[in-house]
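Student: Below: one structure in structure tokens.
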């Protein structure tokens with residue numbers, strides 16, 4: 001079950017919005033959150049590695065641009081490179097992997113950008129407050145103060161926009177990221193095969209039979225045939241052109 005909004009617990013739970021104290025009060029949650037951020041960065045690096053594979057010797061300037069652009073444009077650039085470099089079956093699987101990574105990354109985004117808080121009423125819970133909800137709450141308080149209301153009675157944060165991440169929620173996100181990282185690695189070793197890779201066939205079978213992957217692949221394919229995915233055709237990067245300049 002995904003993280004639940006605070007509104008699904010009970011009304012008027014006192015919460016404290018100090019990130020420092022939230023880490024102290026929920027140290028296990030903080031460690032798990034840090035692991036999620038680290039895994040997300042690792043997956044970004046794996047996608048960057050894919051770009052190098054797709055572009056070969058032209059990757060250096062392209063990667064510099066790739067790192068400089070917004071995440072949405074970055075995704076579009078990677079998809080464009082994959083469309084040119086991969087066979088249709090491999091492209092479908094790669095699109096499915098990108099879809100899964102994007103879905104998982106919403107948790108990293110919250111942990112990185114939402115306001116951390118805690119409540120003594122929820123011992124197993126790190127609270128994440130949508131920054132827009134917090135801003136609206138502060139604006140309402142400011143409006144009351146401008147109108148002479150020094151107490152702001154009746155003003156409440158929108159608890160439906162505060163998520164409660166329990167330990168098991170964070171562990172589930174970690175498991176999700178680790179699966180995606182393993183599948184990206186499996187995809188890459190079939191794309192660029194090497195004798196040093198261990199059990200590539202078994203690893204592909206695990207990817208190809210995962211309900212999570214099959215569901216993502218079905219969405220990518222739309223109405224097209226959606227049988228178990230086949231490994232991508234081995235990729236051969238373009239040969240590096242010789243330097244023919246006269247000395």
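The values are calculated or read from the model by the stated rules, or taken from the named source; none is laboratory data. Just so it is clear, the model here is predicted, and its values are computed rather than measured. We place every Cβ from the backbone using ideal geometry, glycine too, and count neighbours over all the protein chains shown.
Student: Quick check, is residue 39 modelled with pLDDT under 85 and within 21 Å of residue 97 (Cα to Cα)?
Tutor: no
Student: Related question: Which pairs turn up if I take residues in the range 136-149 that are within 17 Å of residue 162 (Cβ to Cβ) and look for partners that are outside any helix (DSSP H, G or I) and modelled with pLDDT of 85 or more with beta carbon separation below 6 Å, at least 6 apart in sequence or on another chain?
Tutor: 137/157
Student: Moving on. Within the range 161-183, count every residue that is more than 24 Å from residue 120 (Cα to Cα), more than 13 Å from the chain's Cα centre (by Cα) and surrounded by fewer than 23 Cβ atoms within 10 Å (Cβ to Cβ).
Tutor: Within the range 161-183, residues that are more than 24 Å from residue 120 (Cα to Cα), more than 13 Å from the chain's Cα centre (by Cα) and surrounded by fewer than 23 Cβ atoms within 10 Å (Cβ to Cβ) number 1.
Student: Return the residues of the range 204-243 that are surrounded by 15 or more Cβ atoms within 10 Å (Cβ to Cβ) and at pLDDT below 85; say none if nothing qualifies.
Tutor: 226, 235, 237
Student: To continue, here is another question. Of the residues 99, 72, 53, 60, only one is at pLDDT 80 or above and more than 21 Å from residue 172 (Cα to Cα); which?
Tutor: 53
Student: If you go through the range 42-49 one residue at a time, do you hit one that is surrounded by 13 or more Cβ atoms within 10 Å (Cβ to Cβ), without any contact (Cβ under 8 Å) to a residue 60 or more places away in the chain and out of contact with any strand residue (DSSP E or B) (no Cβ under 9 Å at 6 or more places or on another chain)?
Tutor: Checked the range 42-49: at least one residue is surrounded by 13 or more Cβ atoms within 10 Å (Cβ to Cβ), without any contact (Cβ under 8 Å) to a residue 60 or more places away in the chain and out of contact with any strand residue (DSSP E or B) (no Cβ under 9 Å at 6 or more places or on another chain).
Student: Another question, then. Quick check on this structure: which one of 107, 113, 91 is at pLDDT 90 or above, exposed (fewer than 13 other Cβ atoms within 10 Å of the Cβ) and under 29 Å from residue 212 (Cβ atoms)?
Tutor: 113
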